1. Taking the stretch 214-263, which residues are under 25 Å from Gly282 (Cα atoms), touching a helix residue (DSSP H, G or I) at 6+ places or on another chain (Cβ under 8 Å) and touching a residue at least 60 places away in the same chain (Cβ under 8 Å)?
2. Please go through the stretch 83-100 and give me each residue that is hydrophobic (A, V, I, L, M, F, W, C) and part of a loop (DSSP other than H, G, I, E, B), ordered by number.
3. May I ask you to say which residue of Arg203, Arg229 is closer than 30 Å to Gly166 by Cα and charged (D, E, K, R)?
4. Considering only residues of the stretch 228-266 that are open to solvent by 50 Å² or more (accessible area, probe 1.4 Å) and within 24 Å of Gly307 (Cβ to Cβ), which is nearest to the chain's Cα centre (by Cα)?
5. Just to confirm my filter: which strands (runs of 3 or more DSSP E) fall fully inside the stretch 217-309 and include at least 1 residues that are within 19 Å of Thr149 (Cβ to Cβ) and of a type in the set (Val, Ile, Thr)?
6. Of all residues in the stretch 10-64, which are in contact with a helix residue (DSSP H, G or I) (Cβ under 7 Å, 6 or more places away or on another chain), open to solvent by 20 Å² or more (accessible area, probe 1.4 Å) and assigned to a strand (DSSP E or B)?
Amino acid sequence: MNSIPGMDYSEYIAGEEDAGNRIDSFLADKLPLLSRSYIQKQIKEGNILVNGSRTKAGYKICASDTIKVYEAPAEELEIKPENIPLDIIYEDNDIIVINKPKRMVVHPAPGHYSGTVVNALLYHCRDSLSGINGIMRPGIVHRIDQDTTGAIVACKNDTAHRSLAGQLKEHSITRTYHAIVNNHTKEEEGTIKTTLGRHPVDRKKMAVNVKGGRDAVTHYKVLDYLDNRHTYIACNLETGRTHQIRVHMAYIGNPVLGDSLYGPAKCPFKLEGQALHAKTLGFIHPSTGKYMEFEAPLPDYFKKLLGILSHK
C-alpha cells in the first residue's frame with residue numbers, strides 16, 4: 001500500500017537521533033494533541049504508514065524512514081450531550097473559550113463518561129466541534145487537570161483545530177497559571193527545565209528526568225510572599241506536559257498547595273485538590289490572524305485563601 005486515496009496526510013522523515021525509538025512514541029512527540037492509544041489505534045487500522053507500508057505500534061524506526069499519518073475518517077460521536085452550564089469567556093464561529101471549574105474533567109475517559117467539558121460542549125455547540133481528536137475528544141485542543149480551574153479553548157471546526165494545534169507545537173500560545181505553593185521560593189523568578197515522563201513505579205504520577213521523558217520548560221515569578229510558609233506565583237508554560245507545573249514546583253521544593261499527589265498528604269485547608277488556576281490564555285485567532293488574549297478570574301476559594309494567608 002503506497003497511499004490512501006482521497007485522504008490528507010502529514011509526513012515526517014526520521015532523523016539519526018530518532019533511530020531505535022518506537023513509532024508510537026515518535027509520533028506522540030510529533031503530535032502532542034493525540035494520545036498514545038489513539039496513535040496505536042490508527043497504526044492498527046492502517047492510517048499510518050512507514051515507507052508506504054503498514055506497520056505495528058512497536059516498530060523501531062530507522063533513520064530516513066518516511067512516516068505518513070493519514071487523517072482517520074470521521075467517526076460518529078457516541079458521547080452524549082449534557083445540559084451542563086458553561087462559564088463562557090468568549091465564543092465565535094471558530095472557537096469557544098471557557099472557564100473550567102474544579103472537579104470537572106475535560107474529556108471522557110474511563111470512570112468519567114459524563115459530566116465532562118466535552119459532554120457540555122456537545123450540548124452547547126451541537127454539531128459544531130472539530131473531529132480531529134476522535135469521538136472521545138471532539139473540539140479539544142488542550143486540557144487541564146480535573147482539579148485545576150481556568151481558561152481552556154475548544155475548536156468548532158478542523159481548520160481552527162489545526163491552527164491552534166500548530167501554535168501549541170511551536171510553543172507560541174500564551175499560557176499563564178496562578179498558583180499558591182508551599183514554602184517560600186529560593187528565587188523571585190526562574191526557569192525550570194527538565195525532561196518529564198511517566199513515573200517508573202507509580203504510573204499515576206509524572207517524574208522529571210526519567211528515561212523516555214520529553215522536554216518540559218516552566219518559567220515562574222513570585223507575585224507575593226504570603227505567610228512564612230506559602231508563596232503566590234505565576235507560571236508561564238513554554239511546553240505543556242501532563243502535570244508539568246505540579247511536578248516542576250515540587251521538584252524545586254515548592255509543591256502546589258493542596259496537591260496530595262506531589263506534595264504533603266495532608267493540607268491545613270479544606271481544598272479540593274491543588275490551588276492552581278489557568279489565568280491567561282492567548283493565541284493567534286485561526287480566521288482573523290490577530291492575537292487574542294483571554295483572562296479567567298480567580299475562583300472564590302482561591303481569592304479567599306489569598307486573603308487568609310496574606311493576613312497571617
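The values are calculated or read from the model by the stated rules, or taken from the named source; none is laboratory data. A quick note: this is a predicted structure, and the numbers were derived from the prediction, not measured. Every residue, glycine among them, receives a Cβ derived from its backbone with ideal geometry; neighbour counts consider all protein chains shown. Accessible surface areas use protein heavy atoms only, side chains included; no ligands, DNA or RNA. Shrake-Rupley method; radii C 1.70, N 1.55, O 1.52, S 1.80 Å.
1. Across the stretch 214-263, the qualifying residues are Arg214, Asp224, Tyr232, Leu237, Gly240, Val256.
2. Across the stretch 83-100, the qualifying residues are Ile84, Leu86.
3. Being closer than 30 Å to Gly166 by Cα and charged (D, E, K, R) holds for just one of Arg203, Arg229, which is Arg203.
4. Ser260
5. 230-237, 276-284
6. Correct list: Tyr12 only.
The rows are residues; the columns are (1) modelled with pLDDT under 95; (2) on the phi > 0 side of the Ramachandran plot; (3) of a type in the set (Lys, Arg).
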site: Met206; (1), (2), (3): yes, no, no
site: Lys221; (1), (2), (3): no, no, yes
site: Leu237; (1), (2), (3): no, no, no
site: Gln244; (1), (2), (3): no, no, no
site: Cys267; (1), (2), (3): yes, no, no
site: Gln274; (1), (2), (3): no, no, no
site: Lys279; (1), (2), (3): no, no, yes
site: Ser287; (1), (2), (3): no, no, no
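Matching residues to (1) more than 21 Å from Tyr38 (Cα to Cα); (2) among the β-branched types (Val, Ile, Thr); (3) part of a loop (DSSP other than H, G, I, E, B):
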position: Ser114; (1), (2), (3): no, no, yes
position: His124; (1), (2), (3): yes, no, no
position: Leu129; (1), (2), (3): no, no, yes
position: Ile144; (1), (2), (3): no, yes, yes
position: Ile152; (1), (2), (3): yes, yes, no
position: Ala160; (1), (2), (3): no, no, no
position: Ser163; (1), (2), (3): no, no, no
